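Single-structure report; data block below.
The values are calculated or read from the model by the stated rules, or taken from the named source; none is laboratory data. If you're wondering where the values come from, they're calculated on a predicted model, not measured in any experiment. Every residue, glycine among them, receives a Cβ derived from its backbone with ideal geometry; neighbour counts consider all protein chains shown. For the accessible areas, the whole protein counts, side chains as well, though only heavy atoms, and no ligand, DNA or RNA atoms are used. Shrake-Rupley method; radii C 1.70, N 1.55, O 1.52, S 1.80 Å.
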Amino acid sequence: MTMPEPASPDVLIIGGGLIGLATAWRAAVRGLSVTLCDPAPGTHASYAAAGMLTPVTELHYGEETLLGLNLASARRYPEFVAELREASGGADPGYRASGTLAVAFDADDRAVLADLHTFQRSLDLKAEWLSGSEARRLEPMLAPGVRGGLLVEGDHQVDNRMLLAALFAALEREPKVRIVRARVAELTVAGDRAAGAVLDDGTAIAAGQTVLAAGCWSGRIRGVPQEAVPPVRPVKGQILRLAVPEVYRPFLTHTVRGVVRSNHAYLVPRAHGELVLGATTEEQDYDTAVTAGGVYELLRDARALIPGITELPLVETRAALRPGSPDNAPVIGPTALPGLLAATGHYRHGVLLTPATADAVAEILATGEIPDVVAPFSPLRFRK
Ligand code: GLY
């Protein structure tokens, strides 16, 4: 095993999910040298996710401020992936502007969607109400009983695994970034500042600024003073992947989100034939077991919307942990400890918020200025 070399970068990033990797890239674009530490970068929630970029169909009451950030990140996506394609030497980040259809299974579910539509219109968001037959004309695989839906052409998707691969390729070509495949044992604090970290093998990395981007583990790094610990918790999601054989394609042309007897389900069709089907939401601490009940409920609800899924091979079952915060909004910006920033707590929107978070954190690292769009998500908002 090769030991990581000691280093003194401008920035140390703890965590190699989409947020950490994209932040490393954007910080390097701003001229900063970066070391990113993660024993297994790109393997947790970022790898499991479905990659929906759906700020309008995933809107919730009380989350109007978050909506602003979500929309800003969704708008940034086309340019972000174009820049990434270039930086990576041509890797396709898997962005698809293919639209999202939210459908209702029964009359009660239809009332839920009608309510969502009223809320969307009150915020001037674009969503078109469709009858059941109009929805089926758009997506012929929908069950005959589906009661209508909402078409949101502006809610897109990205293949999160292709996005990860493109980020790795871009970082590989970026001389200012070094990825160290090791676990951080402890944050180093010198005087009243974060000063880097010590790895599991004892290697010390001194850094001018440190970013906590370790998803739901961001609150468990030793050495972080209590007042600077981001209040994140794990929220388990079980998610499945089906394969659509060539003869059935295109199986779906939009992402289909459904309300099924008050449960929420989604099916995300990839260009290369994968169909991602998710996801449970479970407060189970750090448990990542895939359970019979979880798989059963996901297949039951998806089948109620799209009966034809029963013909498709089930190729992957997985569970991963979303980082939830007390208000379920992200935690972005300087913490109470000078030199230590947080970029975590993205909960259901980690893939969507990757461009906005990475750009904003790179801006803070490079200039010390906090962009307006992330100011409401300061880690300091939880201080009593
Ligand atoms: N945004 C989808 C999920 O967290 O399941």
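In order along segment 309-322, phi translates into HN-Hα couplings of 5, 5, 7, 8, x, 8, 9, 7, 10, 7, 10, 9, 10, 7 Hz, rounded to whole numbers, per the Karplus curve 6.51 cos²θ - 1.76 cosθ + 1.60 with θ = phi - 60° and x for Gly and Pro. Placing unit charges on the Cβ atoms of the charged side chains and taking the dipole of the chain about its Cα centre, the candidate lying farthest along the positive direction among 42, 351, 166 is 42. A cut-off of 5 Å between modelled amide H atoms, ignoring neighbours fewer than 5 places along the same chain, links residue 33 with 10, 11.
Summing Cβ point charges (Lys, Arg +1; Asp, Glu -1) relative to the Cα centre of the chain gives a dipole of roughly 200 debye. Where in segment 268-305 does the amide nitrogen come within less than 20 Å of the point 7 Å from the Cα of residue 243, taken along Cα to Cβ? Residues 268-278, 299 qualify, since their backbone N sits under 20 Å from the label point.
Residues in segment 114-130 carry Karplus couplings, in order, of 4, 4, 4, 5, 4, 5, 4, 5, 5, 9, 6, 8, 8, 8, 10, 7, 10 Hz; the curve used is 6.51 cos²θ - 1.76 cosθ + 1.60 with θ = phi - 60°, and Gly or Pro positions show x. Here the chain is treated as an ellipsoid with the same Cα gyration tensor; its semi-axes, largest first and in whole Å, are 37, 21, 19. If the segment from residue 92 to residue 287 were pulled out straight at 0.36 nm per residue, it would be longer than the present Cα-Cα gap by 66.9 nm. So what's the angle, to the nearest 10 degrees on a 0 to 90 scale, between helix 64-87 and the longest Cα principal axis of the chain? Long axis of 64-87 versus the principal axis of the chain: about 70 degrees. Taking all protein chains as shown and a probe of 1.4 angstrom, residue 32 keeps an accessible surface of around 30 Å². For segment 275-328, the Cβ-based charge dipole about the Cα centre amounts to some 240 debye (Lys, Arg positive; Asp, Glu negative; other atoms uncharged). Annotation for segment 286-308 versus segment 5-52: alpha-carbon center distance of 32 Å. Backbone amide hydrogens, once placed in the peptide plane, bring residue 186 within less than 5 Å of 198, excluding anything fewer than 5 places away on its chain. Couplings 3J(HN,Hα) for segment 15-28, derived from phi with the Karplus relation 6.51 cos²θ - 1.76 cosθ + 1.60 (θ = phi - 60°), are x, x, x, 4, 5, x, 5, 5, 5, 4, 4, 5, 5, 5 Hz, where x marks Gly and Pro. Carbon-plus-sulfur accessible fraction, the chain (probe radius 1.4 Å, protein heavy atoms only): 52%.
Counting only Cβ charges, +1 for Lys and Arg and -1 for Asp and Glu, the dipole size of segment 168-306 around its Cα centre is about 400 debye. Rounded to the nearest 0.05, the FRET efficiency derived from the C-beta distance between residue 79 and residue 381 at R0 = 25 Å is 0.30. Between residue 58 and any residue 5 or more places off or on another chain, the built amide H atoms are never under 5 Å apart. Site-free segments of the chain were taken between GluC sites (Glu not before Pro) in DSSP loops having at most 10 other Cβ atoms within 10 Å, sites themselves excluded; the longest one is 1-282.
Per residue, the chain exposes 41 Å² of solvent-accessible protein surface, assessed with a 1.4 angstrom probe and all protein chains in place. Taking the charge dipole of the chain about its Cα centre, with +1 at Lys and Arg Cβ atoms and -1 at Asp and Glu Cβ atoms, the residue from 292, 330, 228 reaching farthest to the positive side is 292.
Length available on full extension from residue 115 to residue 129: 0.36 nm per residue minus the Cα-Cα distance, which gives 3.9 nm.
Rounded to the nearest 10 square angstrom, residue 176 shows an accessible area of 80 square angstrom against a 1.4 Å probe.
Only alpha carbons enter this Debye calculation for segment 98-219, each as an equal point scatterer, and the log10 of I(q)/I(0) it gives at q = 0.09, 0.10, 0.19 Å⁻¹ is -0.56, -0.63, -1.03. Note on segment 314-332 and segment 141-163: Cα centroid distance 20 Å, given to the nearest whole angstrom.
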